[in-house]
Amino acid sequence: MKILFSLMNLNNKAMKKLSTLLYNKIENFFFKQDNQAEFLSFFRVAIGIVILLQFTAVLSDFDKLFSSSSIIPQDIMSVFTPDWLITFSKIVSFLQTLGIEESTTIMMTKVSFIVLCVFVITGFYSRISALLLLILQIALLKGSSFFAYGADFFTSMSLFYLILFPADQDFSLRNFIFNRKPGLINITPVKRLFQIHISIAYFFSGLDKALGFNWWNGESIWKAIHLPYSNRDLNIDFSWLIEHSYILSFIGWSTIIIEMCYPIFIWYKPTQKTWLFLTTSMHIGIALILNLYYFSAIMIVWNITNFYFEQSSKKTVTSSKKKLSTQYIPKHINS
């Protein structure tokens, strides 16, 4: 009996040590103090520029997409939006009851969108600017959902993260004007949320492709490169791929592997740079061949923001430790 009780005590102690170790690992992962703010400045500036470029690209066709004279009538598009949702057409209708013409509202919207993008880029109260920009972007997006695609949804998510992140703490116009010094804020919890978010997104994107047969045999790649909007800039002749269908299958398999294995190899330090390079290369290929420039740009920004600066921060910590070890020399030594 004594042996049994001693074994049980040893087992309890081992379990306590294991649970404490596990708790410390989780706590360090989510809440370890991280003062590396370079990725915040990069994310704010890069996303702001991408959103601004995307908006300026549709400025000439703004009326055809979002006004009452749009290609698809607002009455048809309003069928697919709930009554409680604030859309751009509802804002226009409300302001018209106050005597403000639709053309004036459209001009105010264009100017406000561009100004808010500039505020985000320069870091002038980027959180408030991102919140107002998100409201405006969702009003435009939901009111004309027929014209929306993946880049628009990732734009909304990017603005949401700009609201969560104190992105104007460093390298910002606000600090320059008001002579403010960057504060020490633990940004690790939100950073980990962002990293887990992108990992889950890639995994389920790859899983969705793997469940069908189109990506395994290369059919999806063949269809994608022959879409009406694809390959317009480079205008490459892909007819030779008919006799080399194994290349299409290889690209399909590679896409599935890169996306499904993303949560594993992007977190594993020895393969982090390699997987970051592969994922970025995949999006560059999507941009050049499928002409999805804004979607690819946002995804590349997301990848660089989340995992490129992990390497630089690790180097910074290592170098600081080396400096500390060389500087820590006892001063009181009798000569």
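The values are calculated or read from the model by the stated rules, or taken from the named source; none is laboratory data. Since this is a predicted model, take the numbers as computed values, not measurements. With ideal geometry, Cβ positions are generated from the backbone for all residues, glycine too; neighbour counts draw on all protein chains shown. Heavy atoms of the whole protein, side chains included, go into the accessibility calculation; ligands, DNA and RNA do not. Shrake-Rupley method; radii C 1.70, N 1.55, O 1.52, S 1.80 Å.
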query: If you check Phe309 against the conditions, is it part of a helix (DSSP H, G or I) and touching a helix residue (DSSP H, G or I) at 6+ places or on another chain (Cβ under 8 Å)?
result: yes
query: Somewhere in region 196-205, is a residue in contact with a Phe, Trp or Tyr (Cβ under 7 Å, 6 or more places away or on another chain), closer than 25 Å to Phe160 by Cβ and either modelled with pLDDT under 95 or not hydrophobic (A, V, I, L, M, F, W, C) (or both)?
result: yes
Filtered residue count, region 162-187, keeping only those that are touching a helix residue (DSSP H, G or I) at 6+ places or on another chain (Cβ under 6 Å), in a helix (DSSP H, G or I) and either open to solvent by less than 10 Å² (accessible area, probe 1.4 Å) or over 14 Å from Ile47 (Cβ atoms) (or both): 2
- prompt: Can you find a residue in region 205-226 that is on the phi > 0 side of the Ramachandran plot, open to solvent by 60 Å² or more (accessible area, probe 1.4 Å) and either of a type outside the set (A, V, I, L, M) or within 25 Å of the chain's Cα centre (by Cα) (or both)?
  reply: no
statement: Selection from region 79-88 of residues open to solvent by 60 Å² or more (accessible area, probe 1.4 Å) and either among the charged types (D, E, K, R) or free of Cβ contacts under 8 Å to residues at least 12 places away in the same chain (or both) yields Val79, Asp83, Trp84
- line: Note on region 12-52: residues of a type outside the set (A, V, I, L, M, F, W, C), assigned to a helix (DSSP H, G or I) and open to solvent by 60 Å² or more (accessible area, probe 1.4 Å) are Asn12, Lys13, Lys16, Lys17, Ser19, Thr20, Tyr23, Asn24, Lys25, Glu27, Asn28, Glu38
field: Every residue from region 129-148 that is in contact with a helix residue (DSSP H, G or I) (Cβ under 8 Å, 6 or more places away or on another chain), farther than 17 Å from Thr56 by Cβ and open to solvent by 50 Å² or more (accessible area, probe 1.4 Å)
entry: Leu131, Leu132, Ile138, Phe146
message: Can you pull out every residue in region 228-252 that is surrounded by 11 or more Cβ atoms within 10 Å (Cβ to Cβ), under 30 Å from Ile200 (Cβ atoms) and touching a residue at least 40 places away in the same chain (Cβ under 8 Å)?
response: Ser230, Gly252
statement: Expected output for region 122-139 (first residue under 8 Å from Leu162 (Cβ atoms), partner crowded, with 19+ Cβ neighbours inside 10 Å and β-branched (Val, Ile, Thr), Cβ below 8 Å, 6+ apart or cross-chain) is Ser126/Val120; Ala130/Val120
message: So Ile91 passes all but one of these: (1) among the hydrophobic types (A, V, I, L, M, F, W, C); (2) over 20 Å from the mean Cα position of the chain (by Cα); (3) exposed (fewer than 13 other Cβ atoms within 10 Å of the Cβ). Which condition number does it fail?
response: (3)
task: For region 37-54, enumerate the residues that are among the hydrophobic types (A, V, I, L, M, F, W, C) and touching a Phe, Trp or Tyr at 6+ places or on another chain (Cβ under 9 Å).
output: Ala37, Phe39, Leu40, Phe42, Phe43, Val45, Ile47, Val50, Ile51, Leu52, Leu53
message: Looking for something of a type in the set (A, V, I, L, M) and at pLDDT 95 or above - is there at least one such residue anywhere in region 272-281?
response: yes
field: Tally of residues being touching a Ser or Thr at 6+ places or on another chain (Cβ under 8 Å), surrounded by fewer than 17 Cβ atoms within 10 Å (Cβ to Cβ) and under 19 Å from Phe295 (Cβ atoms) across region 253-284
entry: 1
query: Can you name the number of the only condition in (1) modelled with pLDDT of 85 or more; (2) open to solvent by less than 60 Å² (accessible area, probe 1.4 Å); (3) among the acidic types (Asp, Glu) that Glu101 fails?
result: (2)
- prompt: Would you pick out the residues in region 140-161 that are free of Cβ contacts under 8 Å to residues at least 40 places away in the same chain and in a loop (DSSP other than H, G, I, E, B)?
  reply: Ala148
- request: Please determine, by comparing only the residues of region 55-75 that are closer than 13 Å to Gly143 by Cβ and in contact (Cβ under 8 Å) with a residue 24 or more places away in the chain, which one is surrounded by the most Cβ atoms within 10 Å (Cβ to Cβ).
  value: Phe66
